[in-house]
Amino acid sequence: MTLFSINTKIKSEFCKKVYILHFKSKFKMKRYIKLFILCLVLSQSIFYVHGQDLFINNTVNRKYTNLNGKWEYVLDPYKTGGMGGAAVYENKEATGKTDRVEYSFDTAETLYVPGSFNTQKPELKYFEGIVWYRKTFDKANIDANKRYFINVGAANYKTKVTFNGKVLGEHEGGFTPFSYEITDLLKEKDNYLIIGVNSGRRADYIPSVVTDWFNHGGITRDVKLLETEKTFINNFFIALDKSSLDKKNKTIKGSVFFDGPQITQEISVKIPELKVEETFNTNQEGPTTFSFSVKNLKLWEPANPKLYEVHISAGSSSVKDAVGFRTIETRGREILLNGKPVFLKGICLHDENPFRKDRANTTEDAELVLNWAQELGCNFIRLAHYPHQEKLVRLADEKGILLWEELPLYWGIQWGNLEVLEKAKSQYDELINRDYNRASSIIWSIANETAPGKDRNNFLSNLADYIRSKDSTRLISAAVKKDQEIDGHPDSVYTYNDPLIEKLDIISINEYLGWYGGLPEESRTKSFTTGMKKPIIVSEFGGGALQGFHGDKHTRWSEEFQENLYKESLAMFDKIEGLAGMTPWILVDFMSPLRQLRGVQDGWNRKGLISEKGQKKKAFFILKEYYDNK
Ligand code: GCU
C-alpha cells in the first residue's frame, strides 16, 4: 500500500480523525504537539487499512479457491496480539533448542473455518477475546496478469488480517464481508494467512455490550482466495426502475464499479433470455451508470420468483449473477410489491443452525430454516438482528421469500458517538453492496428497541438518509421499543408516537402484551395504532415454551400458554387498522446467555415455535392456520 494508492476510505478516515482530534479536543494543545499527533495519525491510517481494501461483491460467481477447513489457532485472551514479545502474526517457531518463542502454530490444535470457535471446544464456550487463526497454502501458477484477494464472508467482531507477516488491515463488524489484496505478497510455496478475530464486546461497538443472543466469535463464514483481472468489475448494482412499472416496456438501471490501472472504455450488459445486449461508455471517474428498456420482463414475486442470468463485462473482466426484478413501495397503509398490495406473513429468525449450536454458514443450513418458514405458511422473514449469511439471501431469491435485513443497532448504542455513526454507515455500505441485487431483500431496518432521545433520533435520522442515498429500491423500517407496553395503559387503543416513525416507510412495533406484561386475555380489550398513515408491521410478539412441557393455558413455559398467547394476540392484531404484516418472535429456539432458567431455558431463548431439536410446538399450528386463512 503506497501513499498514492491510498484509497478514499483512508483519506476520509484520516480527515475524520483530524476533525475529532483537532476540533473536538477539549483542551487547547500547542500547535506543534497537534502537528506531531496528526502525523502519527496519518502514519497509522496509511498502514492500517481500517475497513477494507476494496469491496468485491458476488464472490460466489467469481474465480476463487476455497480456504475453508481446519486452521491452526493460538488463543490471546488478554488481546495483546503478541506472546513473549513476538507478534503472533509473525508466525515464529522455535528451531534451535535454545530458542524462546512463546506460541506455536505448528504444534497448535485446529478449529474448523467457518464456524464459531465458542461451540467447537468446551473450554471456549464463553471465551471472548482474540483467536489467532492460521491457514498455510501453496499457490501454483501465479499469473502476473491477475490480482489476488483474501475475502472473508464474516468474522465476529473485530478482525486483523495478515498475510506472510504483513498486516493487510483491520475490519470492524461481525456480519458483513470484506476483502484485502495480496497480489504483491502471494508466493508459490508456504504462504501463511493469519487472521486475528477479537470477539470482545464494547459499548462503542455495533451491537454494544448486551444482546439477547449468543456472541458467536471467530471466522463464522467462508474464506476465499479470489483471482481477478488487473482491472476488474469489483461491484455492480442492477434493478428495475420503479418509474417504469406501469409501462409496457420496463426500464432496468444500474451502476458498475471498477478497480485497476486501466479503466476500459466500454461496458456490455447482457440478459440472454430477454435478448438484451447493451453497451455503454465508461467515464474515467467513479462508477458507470446505465439504463435500458426491456420487453416481456417477468417480475420477481413469491408466487413466481423469476431470476434472469445477467452478464456484465468490460475489457477482459466479466461477472454474471442471477437477478430478480421487482419493485417495493408503500401507498398509505399498504405495502405494494410490483404495484400490488401484499400482506407480509412473516416470522423472525436468528442466523443459527440449532442442531450444530453454531452460526449458520451453509446452503443446507439455509434450506433447513427456509423450509420450516414455508411450511408455516410464510412469504416473509425478518432476519434478526444482524446481516445473515449471503447463501440464505440468495436461496430466498430462488424460493420467492421476502426478507427484512438489519444491522444490530440494538438496545443501548452510543448514539452520541460520531465514530459509531461512521461504523453504522460503513457496515450498511457492506450490506447494501452485498445484497443490492437480491430481489428477496425488501426492507432495511435501522434499529431494534432503541429508546427515543435527541442523540438516538439524530443518529438514526442521519443513517436513514444515508441508506436512502445509497439504495432507493428498498423500504426503511425500524422496530420501535417494546417498553412502551400497552398493558395496564389506560387507553384501550395505544398510540405509538416514537419520533423516529417520521423517518420510516414502514412502522414496526415489538409488542409483548401477555408475556412481558399482563396476561394474554388482556389483548381482548386492547389495540394499538400510530398517528401516521403508514403501513404497520408487528415486528415481534410471542412467549416462551419448553417443547414437551404441558399445562393449562396460564402455566408459564407450557406449550399451552404459548398457544393461548398466539390465539389472543392474533385476534388483537386483526383489529389494527393498516396492519400490513407481522413477524412473530421467533421461528426456532436460539442460544442466549440471558436465558438461564435451569431445566427450562438452560441458555436458550424458548420463544421459538420450533425447539432446537426441530420439534414443533402447539403454537406453530395456530400461526400456520392463521396464515393459511389470510
Ligand atoms: C426483544 C428483542 C429480542 C429478544 C426478545 C425476547 O423484543 O428484540 O432480541 O430476543 O425481545 O425478549 O425474547
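Below are the figures for this structure:
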| quantity | calculated |
| --- | --- |
| Cβ-Cβ under 7 Å pairs, at least 6 apart or on other chains, the stretch 360-371 side at pLDDT 95 or above, far side among the charged types (D, E, K, R) and in a helix (DSSP H, G or I) | 362/391; 363/391; 366/391; 370/399 |
| Test: residue in the stretch 31-44 that is at pLDDT below 95 and either under 17 Å from residue 158 (Cβ atoms) or surrounded by 19 or more Cβ atoms within 10 Å (Cβ to Cβ) (or both) | yes |
| Index of the failed condition, residue 216 passing every other in (1) open to solvent by less than 10 Å² (accessible area, probe 1.4 Å); (2) not assigned by TED's automatic domain parsing to the domain that holds residue 131 | (2) |
| Residues located in the stretch 518-566, provided they are part of a helix (DSSP H, G or I), surrounded by fewer than 23 Cβ atoms within 10 Å (Cβ to Cβ) and within 30 Å of the chain's Cα centre (by Cα) | none |
| Filtered residue count, the stretch 567-594, keeping only those that are within 15 Å of the ligand (Cβ to nearest atom), open to solvent by 10 Å² or more (accessible area, probe 1.4 Å) and among the charged types (D, E, K, R) | 0 |
| Flag for residue 176 being closer than 23 Å to residue 60 by Cα, open to solvent by less than 10 Å² (accessible area, probe 1.4 Å) and out of contact with any strand residue (DSSP E or B) (no Cβ under 9 Å at 6 or more places or on another chain) | yes |
| Residue 442 vs. criteria more than 16 Å from the ligand (Cβ to nearest atom), in a strand (DSSP E or B) and β-branched (Val, Ile, Thr) | yes |
| Members of the stretch 355-385 that are crowded, with 23+ Cβ neighbours inside 10 Å and assigned to a loop (DSSP other than H, G, I, E, B) | 360, 361, 378, 384, 385 |
| Matching residues, the stretch 545-566, being free of Cβ contacts under 8 Å to residues at least 40 places away in the same chain, within 16 Å of the ligand (Cβ to nearest atom) and more than 30 Å from residue 492 (Cβ to Cβ) | none |
| Selection count, the stretch 431-460, where residues are open to solvent by 10 Å² or more (accessible area, probe 1.4 Å) and within 30 Å of residue 58 (Cα to Cα) | 3 |
| Unique match (being away from the ligand (no atom under 15 Å from the Cβ) and at pLDDT 95 or above) among 501, 506 | 506 |
| Any hit, the stretch 265-284, residues being open to solvent by less than 80 Å² (accessible area, probe 1.4 Å), within 25 Å of the chain's Cα centre (by Cα) and not assigned by TED's automatic domain parsing to the domain that holds residue 195 | no |
| Test: residue in the stretch 608-617 that is in contact with a Ser or Thr (Cβ under 8 Å, 6 or more places away or on another chain) and in contact (Cβ under 8 Å) with a residue 24 or more places away in the chain | yes |
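The values are calculated or read from the model by the stated rules, or taken from the named source; none is laboratory data. Just so we're clear, the structure is a prediction, and the values are computed from it rather than from any experiment. Here Cβ is always computed from backbone atoms with ideal geometry, including for glycine, and neighbour counts include all displayed protein chains. Just so you know, the surface numbers come from the protein's heavy atoms only, side chains and all, with ligands and any DNA or RNA stripped out. Shrake-Rupley method; radii C 1.70, N 1.55, O 1.52, S 1.80 Å.
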